[in-house]
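The values are calculated or read from the model by the stated rules, or taken from the named source; none is laboratory data. Treat the numbers as computed from the prediction; the structure is a model and nothing was measured. Because the Cβ atoms are built from the backbone with ideal geometry, glycine has one as well, and the counts that use them run over all protein chains shown. Please note that ligands, DNA and RNA were not included when accessible areas were found on the heavy atoms of the full protein model with its side chains. Shrake-Rupley method; radii C 1.70, N 1.55, O 1.52, S 1.80 Å.
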Amino acid sequence: MKAATSAALYARLLSYVRPYARAFAAAVLAMVAAAATEPLFPALMKPLLDGGFGAGGAPQWPPALFAAALVGIFVLRGLLTFGSSYLLAWVEHRVVLDLRREMFARLVRFPARFFDEHSSGTVLSKVAYDVLGVTNAATSVLTVAVKDSIAVAGLLAWMLWLDWRLTLIALAVGPPIVVLVRLLSQRLRRMTRETLAATGELVHVLEEAIGGHRVLKVFGGEEYERERFERAASRVRGFQMRYTVAAALTTPVTHVLAATALAIIVYIALGAAAAERVTVGEFASFITAMLMLLAPLKRLTEINAPLQRGLASAESVFGLLDTPVEEDRGTVALGRARGEIRVENVRFTYATRTQPALDGVSLHVRPGETVALVGGSGGGKTTLVSLLPRFYVPDAGRILLDGHDLQSLTLASLRANLALVSQDVVLFNDTIRANIAYGAMQGASEAEVRRAAEAAHAMEFIRETPRGLDTLIGENGMRLSGGQRQRLAIARALLKNAPVLILDEATSALDSESERLVQEALETLMRGRTTIVIAHRLSTVERADRIVVLERGRIVEEGTHTELLSRGGAYARLYRLQFQEPAA
């Protein structure tokens, strides 16, 4: 990255510090004051040695004053350092909080395509880890830059006042150090980028192993997953070691250059002292100042590593923040819809495929009608219902709700009219009540939540839980059975009371008793609503008003269960295959 771009990146980082300008300014002032005390100690050495330990001479200052001044300098520096450290930590943690808030606020508004293209581990790594590197560059690096730059300037000023010729020799080490830092910067940034990406992969492998621990155990995947984790962890280690090599080179090279300069200065100063051009106090004060100069100089040369790490983290964080969110150009705020849906010659192709998932699909669903979508895998059923909430936008054609093009509706008003119950129920690690009265429904009353749970046949098992509606259900409802999770999802849809309902394999993979209860709950839920049902089990859609058969992104048949069976076409073939009925 070019210097100008790095400067712009750092300026953007500092913009997050601006809301806390007062605390930050106080921290900087404390740092400046602490750094300004650095030359005081070597300055004390000159009168102490020339007057206090001179050849039998009386001390220029009382000994108690020297002792008090020495203690006072370090007490003052300690107080100022503590104050600046506390204030900077406060600002840093506030910036972390602000960045994470902003990242999460955008994350929940990203389009479905984003989650198709990015692993959850990579996204988690950005929010959890990368942001910490950003704040380190914004605050900690600045601390060193301000404090140690002032300390270096003060010590150099004192050294120049004592002997400008010796100081010029000390300054001769500057250009080689600058060249070294520039050479290492690019490699440090590149290794940090690679480390962040590898860490995202590591988190992803870890997340999959934890989430799929049952499959892992049953199918003996322990060794396979261990090897995957080993490879990911080794990649992280490899990039970290390359980063360490580049970062670690700075200090020893700087020390060698500084030691060379110090050796030359000592040689010259000893000759000057022998010629009585330099007093013992002046020489001791100069050497003390130069030795004190090494520590802040070392820190200044070392800030390049965390700075490059922070800028690489900033690229990652700002890359997420700059990702476009879902487009919401709709201007029509639809009230409660009647539920009429028209799909007009819709085409859609996923970014990762060349063949269209939907190829000229047209369909009319009347208000209150139940339409079942059936067909083999890859026929386009799930894609079609994914277009209704605008998870994706059609490449051609349009979809209308009550005569309004979905693109003209505001996302909030469109989605307020839709409810979804799927096979893969999504529940949150919260109470049963919070999972039923979720999101926009969290203000629902106790009575409303109970009515929804009763209608979904969920109160039967809720009453048996330790705390009823306030029982925690674990990650994705792992403390509940499949049927219980499904009934909670139905209760959530009942409470929302949306006029359009999407059922995606809602009764699949359930035992007979659970399926009966869930089916009864679904019948209650579907009453009076426009319902689109996706089902592979054809027995669950026999009573639908209309059945639509999709193959390779096209509608090949539609009609009632009886009509389609009598035609002997695609639906009849699916039915025979599923129920093992021989062809007539």
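Summary of values
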quantity: For region 425-512: rounded, prolate or oblate by the Cα gyration tensor [a/c cutoff 1.5]; calculated: rounded
quantity: Accessible carbon and sulfur surface of region 357-408 relative to its total accessible area, %, 1.4 Å; calculated: 50
quantity: Order by protection proxy (mean Cβ within 10 Å, highest first), peptides 396-402, 32-38; calculated: 32-38, 396-402
quantity: Ser377, Ser84, reordered so the largest accessible area comes first (probe 1.4 Å); calculated: Ser377, Ser84
quantity: Mean Cβ neighbour count within 10 Å, used as a protection proxy, ranking 453-459, 74-80 highest first; calculated: 453-459, 74-80
quantity: Projected label distance in nm at Trp164 and His118, using a 7 Å step from Cα toward the beta-carbon; calculated: 5.7
quantity: Extreme residue, positive dipole direction of region 343-481, given options Gly376, His457, Gln442 (C-beta unit charges); calculated: Gly376
quantity: Hypothetical label at Thr354: residues of region 382-401 whose amide nitrogen lies under 15 Å (7 Å Cα-Cβ projection); calculated: none
quantity: Ranked order, Lys381, Lys496, Lys126 - accessible area, probe 1.4 Å, largest first; calculated: Lys496, Lys126, Lys381
quantity: List Leu577, Leu387, ordered by accessible area with a 1.4 Å probe, largest first; calculated: Leu577, Leu387
quantity: Integer Hz, Karplus 6.51/-1.76/1.60 couplings in order for region 95-102, x for Gly and Pro; calculated: 5, 4, 4, 4, 5, 5, 4, 5
quantity: Nearest-20 debye value, region 382-527 charge dipole, Cβ charges on Lys, Arg, Asp, Glu; calculated: 360
quantity: Test item: Cα-centred dipole of region 342-438, Lys/Arg +1 and Asp/Glu -1 on Cβ, debye; calculated: 20
quantity: With DNA, RNA and ligands ignored, accessible area of Thr199 (1.4 Å probe; Å², nearest 10); calculated: 30
quantity: Magnitude of the charge dipole, region 329-376, Cβ model with Lys/Arg +1 and Asp/Glu -1, debye to 20; calculated: 180
